[in-house]
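See below for the structure under consideration.
The values are calculated or read from the model by the stated rules, or taken from the named source; none is laboratory data. Note that this is a predicted model, so its numbers are computed, not measured. Cβ sites come from the backbone with ideal geometry, for glycine too, and all protein chains shown count toward neighbours. Please note that ligands, DNA and RNA were not included when accessible areas were found on the heavy atoms of the full protein model with its side chains. Shrake-Rupley method; radii C 1.70, N 1.55, O 1.52, S 1.80 Å.
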Amino acid sequence: MTARHAHGRFLTYAEAQALYGVGRSKLQRLVVRGEIVAYRPGKATLLDAGSVETWVESTKITPARRIGRP
């Protein structure tokens, strides 16, 4: 269940892991590096869903062009 806030959506670590198949330690490193925005309003850490989605989009793989082949 995604938490909602007046300014956007939030995900717990467990939700982000389930949605995107990324490990908790990877998500924590991304938070420490500032690539994902996180909040801790209480005991739970909430990840900004928009910044998680932006990071996931940044990992898109594009097919390599083959040189010399039509």
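Think of region 16-70 as having a plus end and a minus end, set by charges on the Cβ of Lys, Arg, Asp and Glu; of ILE36, THR62, SER51, THR62 sits farthest toward the positive end of this dipole. Accessible area per residue for the chain, computed on protein heavy atoms with a 1.4 Å probe, is 79 Å².
Where (i) 5.3; (ii) 4.5; (iii) 6.8 are the candidate values, the label of the one calculated here for mean projected area of the Cα convex hull in nm² is (iii).
Across region 34-51, coupling constants 3J(HN,Hα) worked out from phi with the 6.51/-1.76/1.60 Karplus curve, θ = phi - 60°, read x, 7, 10, 8, 9, 10, 10, x, x, 7, 7, 8, 10, 9, 5, 4, x, 6 Hz, and Gly and Pro carry x. Helical runs (DSSP H, four residues minimum) scored at -39500 (n - 2.57) apiece and divided by the length of the chain put the mean residue ellipticity at 222 nm at -11000 deg cm²/dmol.
About its Cα centre, the chain has a charge dipole of approximately 300 debye under the convention of +1 per Lys or Arg Cβ and -1 per Asp or Glu Cβ, with nothing else charged. The modelled label-to-label distance for the pair ILE67/ALA14, using points 7 Å beyond Cα in the direction of Cβ, is 5.1 nm.
Accessible area of the chain with a 1.4 Å probe: how many percent of it is carbon plus sulfur? Show your work: numbers first, answer last.
Working: 3020 of 5550 Å².
That fraction is 54 percent.
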